1. Inside the stretch 122-140, can you point out the residues that are more than 30 Å from Arg76 (Cα to Cα), among the charged types (D, E, K, R) and modelled with pLDDT of 85 or more?
2. Quick one: would you say Thr119 is surrounded by fewer than 10 Cβ atoms within 10 Å (Cβ to Cβ), modelled with pLDDT of 85 or more and over 13 Å from the mean Cα position of the chain (by Cα)?
3. Take the conditions assigned to a loop (DSSP other than H, G, I, E, B), modelled with pLDDT under 85 and surrounded by 10 or more Cβ atoms within 10 Å (Cβ to Cβ) and apply them to Lys2. Does it pass?
4. What are the residues in the stretch 88-115 that are more than 15 Å from Arg76 (Cβ to Cβ) and either assigned to a loop (DSSP other than H, G, I, E, B) or touching a residue at least 40 places away in the same chain (Cβ under 8 Å) (or both), if any?
5. Among the residues of the stretch 56-87, count how many are in a loop (DSSP other than H, G, I, E, B) and not acidic (Asp, Glu).
6. Given the criterion surrounded by 10 or more Cβ atoms within 10 Å (Cβ to Cβ) and of a type in the set (A, V, I, L, M), identify the matching residue among Ala110, Ala105.
7. Looking at the stretch 5-35 only, could you name the residues that are modelled with pLDDT under 65 and either of a type in the set (A, V, I, L, M, F, W, C) or more than 23 Å from Ser46 (Cβ to Cβ) (or both)?
Amino acid sequence: MKTNDGRLVPLSAGLRAIFMELRKTRGLKKEVFLHDGEAIPKKTTSENFGKARKRAGLVEFRFHDFRHTAVTTMRRAGVDPLTSMQITGHKTMVCFTRYNSFREADLRAAAVQSNTYRTLAHAKAAEEAAISSCKLAASA
């Protein structure tokens, strides 16, 4: 962690159960990656990730790309940006925005969502106009 600021990250019941099970076999320490209860040096973690990445055939993929994925997934799920920033630890919107990836499908979905909103708003306005017209005719 770049800063020593703590983060509150709510976990699903399933993930919480996994961590509780892990807690039985390894103590919860500040270090994220442990082996036999001992912290794995960052260099070793990087080397192991690099080996796994190559075995999986992932040419251009870094461990940090998981952060990009998390930010983008939260946006697509409808989590508001300020909440996402609290989870990911981003301090500024500028930095946070760099992690938010967009594809053509995201833009198409936004267009559909916008069109649906306009269609429903137009239908509601037409309905309200019809109701007002009926009330006016009834009072005349």
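1. Once the filter is applied, which keeps residues that are more than 30 Å from Arg76 (Cα to Cα), among the charged types (D, E, K, R) and modelled with pLDDT of 85 or more, the stretch 122-140 yields Glu127, Glu128.
2. Answer is no for this residue.
3. The answer is no for Lys2.
4. Gly89, His90, Lys91, Thr92
5. Filtering the stretch 56-87 down to residues in a loop (DSSP other than H, G, I, E, B) leaves 56-64, 77-80.
So of that shortlist, the ones also not acidic (Asp, Glu) come out as 56-59, 61-64, 77-79.
Qualifying residue count for the region: 11.
6. Working: Ala105 fails: surrounded by 10 or more Cβ atoms within 10 Å (Cβ to Cβ).
None of the other options fit; the residue is Ala110.
7. First, the residues of the stretch 5-35 that are modelled with pLDDT under 65: 26-32.
Within the stretch 5-35, Gly27, Leu28, Val32 qualify.
The values are calculated or read from the model by the stated rules, or taken from the named source; none is laboratory data. Note that the structure is predicted; figures quoted are calculated from it, not measured. A quick note on method: Cβ atoms are made from the backbone with ideal geometry, for glycine too, and the neighbour counts reach across all protein chains shown.
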